[in-house]
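Scroll down for the structure; my scribbles are underneath it.
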Amino acid sequence: MIFFHFTSVSVTASGQIVRFTDKLPAKAKYCSGVFMSANTHHHTKALANVSVVFNAGSGQTINQMLTVKDSSKKAEPLIVMQPLDENATVKGFVKDYGNAAAYPYVVKIYYKLKDE
Amino acid sequence: MENQNYLRGLDAEVANELTSKMILAIDRSKYENTELEMIEISVAAGTTAYAASHTTAPRHKRIVGIALSIGDEAVIEGATMSVNIDSKEVFPAGTEAKLLFASTSVPPNQKFYTYVDREINQTKVDVTFTSNGFSAAYKATFYLLCQNK
């Protein structure tokens with residue numbers, strides 16, 4: 001069964017680097033996709049760089065630029081194929097580019113998970 | 001290849017028409033026995049949280065997709081939602097509603113998200129929707145794409 005989990009990261013100032021660590025739900029066995037989204041945007045420039053690594057640093061790293069208007073058509077996840085350890089964690093950082101229309105803003109990193 | 005052999009010897013125009021009909025037939029079979037169920041929420045102006053519970057129709061045996069429709073795209077930014085199917089969390093509370101939303105530039109047959117493919121049998125679908133404080137009332141409709149088989 002597919003289900004979702006998200007990590008919420010607040011960026012409070014221009015140029016800030018915010019580190020985060022989150023525990024994924026215990027039933028999650030596999031991550032098949034990642035979305036990144038923010039509650040603000042810039043019309044022409046990228047907002048931030050988001051980096052995520054699974055399994056306490058031993059899994060694959062996803063490094064993605066959080067771009068302009070992410071909901072302009074249809075949000076589709078970046079496909080990843082990441083088996084998860086028992087009680088897997090995810091950690092990473094959000095590096096702000098100083099382009100946001102207003103601060104603070106919230107970045108949400110969504111994980112498309114499977115329990116099998 | 002079989003199609004090409006079958007069409008060999010036919011006038012090009014007739015062959016083209018036949019081919020397009022075959023493609024349509026294949027496309028249709030994918031959506032055979034597919035029906036929609038709706039969970040409609042009337043949202044008042046301002047930031048308000050709503051919850052709705054829906055039981056799927058007895059004739060529907062499988063849910064294959066979900067989509068969120070809102071008349072005005074401007075209201076989707078900042079709105080959040082949650083979806084539970086059969087008391088199992090699919091989207092946790094606080095998930096941005098724009099994750100289930102496709103804009104008007106997406107064709108109708110591509111608007112559905114296929115994250116929720118599972119068997120159903122008069123299954124309870126619980127949704128919540130929290131508006132972003134938009135100044136006018138509107139309707140938020142969750143569509144469930146269901147199959148009879």
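Summary table below
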read-out	value
Boolean, B:Glu35 is under 28 Å from A:Leu78 (Cα atoms) and either away from chain A (no Cβ under 14 Å) or touching a His at 6+ places or on another chain (Cβ under 9 Å) (or both)	no
Qualifying positions in segment B:95-148 - within 16 Å of the chain's Cα centre (by Cα) and aromatic (Phe, Trp, Tyr)	B:Phe101, B:Phe112, B:Tyr113, B:Tyr115, B:Phe142, B:Tyr143
Scope segment A:1-59; condition surrounded by 13 or more Cβ atoms within 10 Å (Cβ to Cβ), within 14 Å of chain B (Cβ to nearest Cβ) and of a type in the set (S, T, N, Q); matching residues	A:Thr7, A:Ser10, A:Ser32, A:Ser37, A:Asn39, A:Thr40
Strands (runs of 3 or more DSSP E) completely within segment A:1-96 that count 3 or more residues being of a type in the set (Val, Ile, Thr)	A:2-11, A:17-23, A:48-54, A:89-96
Of residues in segment A:100-116 being among the aliphatic types (A, V, I, L, M) and within 12 Å of another protein chain (Cβ to nearest Cβ), the one farthest from B:Tyr115 (Cα to Cα)	A:Ala101
Tabulated pairs, segment A:69-89, first within 14 Å of A:Tyr30 (Cβ to Cβ) and surrounded by fewer than 17 Cβ atoms within 10 Å (Cβ to Cβ), second small (Gly, Ala, Ser) and at pLDDT 85 or above, C-beta under 9 angstrom, 6+ apart or interchain	A:Ile79/A:Ser32; A:Ile79/A:Gly33; A:Met81/A:Ser32; A:Glu86/A:Ala26
So B:Tyr50, is it at pLDDT 90 or above, aromatic (Phe, Trp, Tyr), more than 19 Å from A:Phe6 (Cα to Cα) and surrounded by fewer than 18 Cβ atoms within 10 Å (Cβ to Cβ)	yes
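The values are calculated or read from the model by the stated rules, or taken from the named source; none is laboratory data. Worth saying up front: this structure is predicted, and the values here are computed from it rather than measured. Cβ coordinates were reconstructed from backbone atoms using ideal geometry, including for glycine residues, and neighbour counts include every protein chain displayed.
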